[in-house]
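The values are calculated or read from the model by the stated rules, or taken from the named source; none is laboratory data. Everything numeric in this text was worked out from a predicted model, so none of it was measured. Cβ placement follows ideal geometry from the backbone for every residue including glycine, while neighbour counts extend to all protein chains displayed. To get the accessible areas, we keep the full protein, side chains included, count just its heavy atoms, and leave off ligands, DNA and RNA. Shrake-Rupley method; radii C 1.70, N 1.55, O 1.52, S 1.80 Å.
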Amino acid sequence: MDVNEIRRLVPALSRKVYGRDVVYFDNAATSQRPQSVIDEWVRMTVRCNANIHRAVHLMSGEATDAYEQARERVRRFINAKEKEEIVFTSGTTASVNLVAFSFGEAFVSEGDEVIVTECEHHSDIVPWQMMCQRKKAVLRVLPVDDTGHIKTGLLSGMLSSRTRIVCVTHISNVLGLVNPVREVVRLCHGQGIPVLVDGAQGIVHSKVDVQDLDCDFYAFSGHKIYAATGTGVLYGKKSWLDRMPPYMGGGEMVGTVRFSGTTYAPLPLKFEAGTQNFAGAATLCPALDFADSLAEDMYLCRYSDWVRDYLLDSLLSDERIHLYGVPAVRDEKIPLFSFSVEGVHHEDLALILDKMGIAVRSGQMCSEPLMDRFGVTGMLRASLAPYNTMEEAEYFMASLGKAIDMLRQ
């Protein structure tokens, strides 16, 4: 399909801001939704608004079917072995918190160690800090080099008999570099250590096969990949999930409840306490169908690479701009660009670009330790999806140049 055909399927891309056609370059934060996702949300809200797994009436059955069909669709999308390995959450943050708490309760003791990388999102740092504080464990950090690549060569020396889990982002939401997850998993599994992968960006820009990656946990959010907000997935190998205690207690996650003691429901319901976001979860089906249609269209893939390469070359060739996350080879870079301009505040740039109709992100991108690593208080980030065009990229570069000139006068 032509990129303009794709854009016609996504209503938000046709709106105007400040009298200009919107250029939405904040996809790493939240992607825009195709009409098929919006239609499914409306259908669930209007026709199937009934609690799942509980009542015997028709509407409840329809809602339950849609919810479980979404679970199976996710299983196929990431090639998990069993549907029971797919736990629905409210997003990547909730998924990582679930593992940090439940894995920590089951397997972490005083003096044990957890390893995270320097390029992690706060959501893959803070939950582990909280768990380490609670369990009196130690959080260790695998650093990145000046180009933004994690120093995988140091990992073997950091692993020890006290290492309980290693956590790595598939693709940094700041650097846009695809990390060597398979190598990390191989090194860790060589010493019997499990690996959690933050896939918030990886699920969008890579073909994720959890059996091929062999990771033990993989977490992602639906709203990054065209589904409704408040939807998330935790993939976990059944061998780990079976041995982990529930993260929350309440309805639906129980087997039997007595004041003398409670038993828990089988996977995955053990980790899905309370009324779930069934309307949101149902939108994963059309969202993943949409994602598959984009990934399977070779012309669109080549076009997206062309736009990425144009922006990469343009940003690197401008001496006023410092780009973070410089790839050794282009294929390890997704169309996500974080940069700073000497003498210009990132938020001022973002505000001027907004008035030009361009939506970008400014600030720390929930990665303050990485900002400290590069000696900045924040960056400007432009992140693209397959529905973004070369014309938008060219307009962005021209507008960025004008904004820099205005602020440096």
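Carbon and sulfur: what percent of the range 281-409's accessible surface (1.4 Å probe)?
Whole-percent figure for carbon plus sulfur exposure: 52.
Given the rule -39500 (n - 2.57) for each run of at least 4 DSSP H residues, summed and divided by the residues of the chain, what is its mean residue ellipticity at 222 nm, to the nearest 500 deg cm²/dmol?
-12000 deg cm²/dmol
Give the average over all directions of the projected area of the C-alpha convex hull of the range 279-407, one decimal, in nm².
Over all viewing directions, the range 279-407 projects a mean Cα-hull area of 9.5 nm².
I'd like to compare 6-12, 120-126: which one has the highest average count of other Cβ atoms within 10 Å, and what's the full order after that?
Ranking, from highest mean packing down: 120-126, 6-12.
Report Rg(Cα)/(2.2 N^0.38 Å) for the range 169-276, keeping two decimals.
1.26
Would you kindly calculate the translational diffusion coefficient of the chain, applying Stokes-Einstein with the Kirkwood radius from alpha carbon pairs, for 37 °C and a viscosity of 0.692 mPa s, and quote it in µm² s⁻¹ without decimals?
Stokes-Einstein gives a translational diffusion coefficient of 147 µm²/s.
For the range 187-234, what are the per-bin percents of Cα-Cα distances with bins 5 Å wide, up to the bin holding the maximum?
Each 5 Å bin holds this share of Cα pairs: 5, 20, 27, 21, 13, 8, 4, 1.
Excluding V254 itself, calculate the net charge of residues whose Cβ lies under 15 Å from the Cβ of V254, where each Lys or Arg counts +1 and each Asp or Glu counts -1.
Once positives and negatives cancel, what remains is +1.
Keeping every protein chain present and rolling a 1.4 Å probe, give me the accessible area per residue for the range 187-329 in Å².
Result: 40 Å² per residue.
Write down the accessible area per residue of the range 1-128 in Å², having rolled a 1.4 Å probe over the full set of protein chains.
On a per-residue basis, the range 1-128 sits at 44 Å².
Shape verdict for the range 125-195, please, from the Cα gyration tensor: rounded (a/c under 1.5), prolate (a/b greater than b/c) or oblate.
oblate
Taking the chain, how many lysine pairs are there with alpha carbons less than 12 Å apart, if each pair must be eight or more places apart or span two chains?
5
Can you list the GluC sites (Glu not before Pro) in the range 296-340 that are in a DSSP coil and have 10 or fewer other beta carbons within 10 angstrom?
Passing both the DSSP loop test and the Cβ count: E296, E319.
Less than 13 Å Cβ to Cβ from E118, Lys/Arg counted +1 and Asp/Glu -1: what total charge do the surrounding residues give?
-3
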